[in-house]
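Trainee: Below you'll find the structure I mean.
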Amino acid sequence: MDVRKACYLILDQIGSIIGQISEEDLSKPVQAFTGITIGQHFRHSIEFLQCLKIGYKRGVINYDDR
């Protein structure tokens, strides 16, 4: 599987999961995530995918650019 397809698959999975979680639960701090919310965790994951997409096109992936 190429990188693009893998990213779309991950985004589809994130969208499916988020669709099953209430807004209240998305905004509650989670101890297992060291106090960040589920929503913040997903946003963080999406930011990494965005860096991958941009960097992949340039040939250099820099996660510090997020």
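Trainee: Can you list residue pairs whose Cβ atoms sit under 9 Å apart, with the first residue in region 2-27 being within 18 Å of Lys53 (Cα to Cα) and the second being in a loop (DSSP other than H, G, I, E, B)? Count only pairs 6 or more apart in sequence or on different chains.
Mentor: Matching pairs, first to second residue: Leu9/Met1.
Trainee: Can you name the residue in region 36-66 that is outside any helix (DSSP H, G or I) and at pLDDT 90 or above and is also most open to solvent (accessible area, probe 1.4 Å) among such residues?
Mentor: To start, the set of residues in region 36-66 that are outside any helix (DSSP H, G or I) comprises 36-37, 59-62, 66.
In the following step, the residues that additionally are at pLDDT 90 or above were identified as 36-37.
Numbers: Ile36: 63, Thr37: 20 Å².
Applying the filter and picking the extreme gives Ile36.
Trainee: Out of (1) surrounded by 12 or more Cβ atoms within 10 Å (Cβ to Cβ); (2) in a helix (DSSP H, G or I), what's the single condition that is false for Ala32?
Mentor: Status for Ala32: all satisfied but (1).
Trainee: Related question: Asp25 fails exactly one of the following numbered conditions: (1) in a helix (DSSP H, G or I); (2) surrounded by 13 or more Cβ atoms within 10 Å (Cβ to Cβ). What is the number of that condition?
Mentor: Evaluating Asp25 over (1) in a helix (DSSP H, G or I); (2) surrounded by 13 or more Cβ atoms within 10 Å (Cβ to Cβ) leaves (2) as the failure.
Trainee: Another question, then. Examine region 35-48 for a residue that is of a type outside the set (Ser, Thr, Tyr) and more than 12 Å from the chain's Cα centre (by Cα), and state whether such a residue exists.
Mentor: Going through region 35-48, the residues of a type outside the set (Ser, Thr, Tyr) turn out to be 35-36, 38-44, 46-48.
Checking which are more than 12 Å from the chain's Cα centre (by Cα) leaves us with 35-36.
The answer is yes; a qualifying residue exists.
Trainee: Hey, another quick one. Which count do you get for residues in region 1-22 that are acidic (Asp, Glu) and open to solvent by 80 Å² or more (accessible area, probe 1.4 Å)? Talk me through it step by step, then tell me what you get.
Mentor: Restricting attention to region 1-22, the residues satisfying the condition of being acidic (Asp, Glu) are 2, 12.
The next check asks that each one be open to solvent by 80 Å² or more (accessible area, probe 1.4 Å); those that pass are 12.
Residues flagged as acidic (Asp, Glu) and open to solvent by 80 Å² or more (accessible area, probe 1.4 Å) within region 1-22 amount to 1.
The values are calculated or read from the model by the stated rules, or taken from the named source; none is laboratory data. Because the structure is a prediction, the values reported are computed rather than measured. Counting neighbours? That spans all protein chains shown, and the Cβs are built from the backbone with ideal geometry, glycine included. Ligands, DNA and RNA are stripped out before the accessible areas are found, and what is left, the full protein with its side chains, is counted by its heavy atoms. Shrake-Rupley method; radii C 1.70, N 1.55, O 1.52, S 1.80 Å.
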